[in-house]
Structures are given as structure tokens and as C-alpha cells.
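Working notes for the structure below.
The values are calculated or read from the model by the stated rules, or taken from the named source; none is laboratory data. Keep in mind that what you see is a predicted model, and the values were worked out from it rather than measured. SASA here: full protein model, heavy atoms, side chains in, ligands and nucleic acids out. Shrake-Rupley method; radii C 1.70, N 1.55, O 1.52, S 1.80 Å.
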Amino acid sequence: MKNFILKNNDGTDFDLYSFQGQSFLVIVFFRGAWCGHCKKQLVELNEHFEQFNSLNAKLVAISSDSTFKSSLLKTFLRLKFPVISDSDLEMIEYFNFITVHNNQIVSKPATLVFSPEHELVIEHISENYDERVNIDDLIKRINGLLK
């Protein structure tokens, strides 16, 4: 994966490689703050935050929402991981996750896991708006990579 520099909730640059460091990187692409299925997934990820940390895996959620909406969502759901804006669709387009909902361009729901060497090691791309990766299975798969 190439490096991306997107906008953090406070409008500052968010450098994906710097954030990842020597960890696994779990990127969750979601449709937007308005999506109930997405919010449910983000809350579930948050509930497993410490398990991801124990596996040396950092979480980040990305949508086409503005930095303001991303910030509100992070605060409202009390998320422990970054919620980043890709309002220019740079990353969403790079991974070919663009879809349309109510005449608005959004990301398909997808979860990608990258190794510390920035290689894609796990991917789950949902064609259906209500389908998400199973968090327990994702944790098991990351754990398997450590062995």
C-alpha cells in the first residue's frame, strides 16, 4: 500500500504510515456517519480495541464524510481510534471502493489489514450495505498472522 495523508478530525494531516509505525494496520472503510450499520460496526470495534492493541494492530476508520462529521461521530460514539475524512475520495478511489447512496458518493463497507511492511494480508469487501466483517474472526485471523 502506498502512504496516504488525509485529514484528521481537527483538520491536521493524518499520515497513515506514521500512525501505523511497526504495527498491523486495520483500516475500516465505512459509508458515513448517517449509516446505522456502520455505527454498529464502529462501536463493536471500539469494544474490542484492547484486543487489537494486544495484537499490535492499530485501528483507523475512514469515510467520505467531512472532518466535522468525522469528529462528531468519533465524539458521539466515544471511539478510541481515529476516524478520518477522505472527502476527496483519494483512498476510497485508490482501492476502488466507490459506490453511490442517495446520489452521494460513499465507500463500500470494507476492512483491510496491512502488515507492518505495508502489505495487504487480510481483506473483506462488502458488496451489500449491511454486510460487515465478523470482528471475532478478524481478531483470530490477525492472531494467526503472529504465529
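Some observations on this one:
- Within the listed set 24, 68, 76, the Gaussian network model of the chain (springs between alpha-carbon atoms below 10 Å) gives the highest mean-square fluctuation for 76.
- Compactness of the chain, taken as the C-alpha radius of gyration over 2.2 N^0.38 Å, stands at 0.95.
- With Cα atoms, 0 to 90° folded angle of helix 135-145 axis to the chain main axis: 40
- Under a Gaussian network description of the chain, with springs only between Cα atoms under 10 Å, the residue in 113, 100, 26 that fluctuates furthest is 100.
- Heavy-atom surface of the range 1-86, accessible at 1.4 Å and reported per residue (Å²): 44
- Carbon plus sulfur fraction of accessible area for the range 38-147, probe 1.4 Å, in percent: 46
- Cα gyration tensor shape of the range 94-147, rounded if a/c is under 1.5, else prolate or oblate by comparing a/b with b/c: oblate
- Converting phi to 3J(HN,Hα) with the Karplus coefficients 6.51, -1.76 and 1.60 and the offset θ = phi - 60°, the range 36-43 yields x, 5, 5, 4, 4, 5, 5, 5 Hz in sequence order, with x at every glycine or proline.
- Each residue of the range 55-62 was assigned a 3J(HN,Hα) from its phi angle through the Karplus expression (A = 6.51, B = -1.76, C = 1.60, θ = phi - 60°), giving 9, 6, 10, 9, 9, 8, 10, 9 Hz with x at Gly and Pro.
- Cut-off under 5 Å, modelled amide H: who pairs with residue 62 long-range: 28, 29, 30, 84
- Taking amide H as placed 1.01 Å from N in the peptide plane, residue 106 has its amide H under 5 Å from the amide H of 99, 100, 101, each at least 5 places away in sequence or on another chain.
- For the range 110-115, Karplus couplings with θ = phi - 60° (6.51, -1.76, 1.60), whole Hz, Gly/Pro x: 7, 10, 10, 10, 10, 6
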